[in-house]
Amino acid sequence: MDNDELQNFREAGKLASKIRQESKSLIMVGESLLDIAETIEKMIADEGARPAFPVNISINDIAAHYTPEIDSTRVLKEDEMVKVDLGMEVNGALSDTAYTIDLSGKHENLVESSEKALENAINTIKPGVRVGEVGGVIEETIKGYGFKPIANLSGHMIKSNQLHAGVEIPNVKTDDPYALQEGDIFAVEPFSTTGSGYVEDLEQVEIFSIYMPSKVRMRQSRKIIDFVVKNYGTLPFAERWIRKEFKSKLLVSAALKELLQNHFIKGYPILREVSRGLVSQAEHTLMVTKDGCEVFTR
C-alpha cells in the first residue's frame, strides 16, 4: 500500500469516527428511522465522501442489513436496542464502524459485552495471530458476560473498493489458519445476543450490489444498472436510493427482480437472530501494524 492509499484509509476512518459520534444524538425515542438514515448519509456527503454502504439501523433481534424503505414510517420506541452501522468511501478507501444504543436502559451489559469484545480483539491483533484466535477472544469475552456471540456473522478484510475482501474474522474460536499480516485492513465486529447465537435470512431485501454483470432484457433494468455503476460502482446500494431516481415502485421492483434472477446483482437479506434474542454490535476498522494495530475509526 502506498502512502496516498494509506492516507485515504485514515481519512475514511477519521470521517467515519466523527459521524459515528455526531450521529448518536439522532438516536432518540420518536425519531424516524428514515430520517436518521438519510441524515447520516447527508452528513457523509457533506464531508465530501460517499457512503461505503447504505446506513443500517437494525433493531432488537434484527442483527444487520436493515436500511429503511423509502416510504418507511417506522419510529424508534422507548424499549428498543438500536444498532447503527455506517461507513465511508474516500478515493476508493473504505471504513466500516458500528455502535449500539439501548433506549430501554435495561440491557447495558449486553451493549458492554460487544464493546468489550471489540476492545479485547483489538488488543489481541498483531502480525502472526490467526483470525480464529481473535474469534476465540471475542467468544470468551461475550460468554463471560453471560451472552452468546453470533457464530455465523463475522468481521471482514477490506481493500480499496472492496468492502468484503475474502478473509473473515469470526466471532467464535475457529481453526481458520489465516495469520494476520502487517498492512492487512479489517473491520472487526462482535455481535452479542441473549438468544441462540445464530442469525437467519429474512425474505425482505433492501440492500444490493453488483455481482456478475450479464445481459439484461428490460430497458428499465439497463437504466438502473447504468445509474448504479455511475454512482456506486461495486459498493452496496439501497432500493430507496434507486427509487429517488426512478419514481415507479413497480418498475424498480421488476427491474431488481430481473437483475437478481440473472445474478447481475446480489441482495443482502435482513438478518434476524434465530430465537429472536436481542442483539448488540460494536465495530471498528483497523490496520495491522508491526507491533499491533492502528484503529482508523476510533
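Laboratory data are not the source of any read-out in this text; all were calculated from the coordinates shown. Predicted model only: the values in this text are computed from it and were never measured. Reconstructed Cβ throughout: ideal geometry from the backbone, glycine too, with neighbour counts over all protein chains shown.
Tabulated values for the structure
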{"item": "Packing-based exposure ordering (other Cβ within 10 Å, fewest first) of T193, T234, T297, T73", "result": "T73, T234, T297, T193"}
{"item": "Relative contact order of the chain, defined on C-alpha pairs under 8 angstrom at six or more residues apart (%)", "result": "24"}
{"item": "Reach of K42 by Cα under 27 Å, taken over lysines that are not fewer than 8 positions away in the same chain", "result": "K14, K18, K24, K77, K83, K159, K223, K230, K244, K247, K249, K266"}
{"item": "The stretch 134-284, dipole about Cα centre (Lys/Arg Cβ +1, Asp/Glu Cβ -1), debye to the nearest 20", "result": "1200"}
{"item": "Cα-based convex hull volume of the stretch 142-264 per residue, rounded to whole Å³", "result": "151"}
{"item": "More than 21 Å apart - percent of Cα-Cα pairs taken over the stretch 203-270", "result": "10"}
{"item": "Ascending count of other beta-carbon atoms within 10 Å, so fewest first, for K159, K244", "result": "K244, K159"}
{"item": "Percent of Cα pairs exceeding the 28 Å cut-off, where the set is the stretch 1-148", "result": "27"}
{"item": "Volume per residue of the C-alpha convex hull in the chain, rounded to whole Å³", "result": "124"}
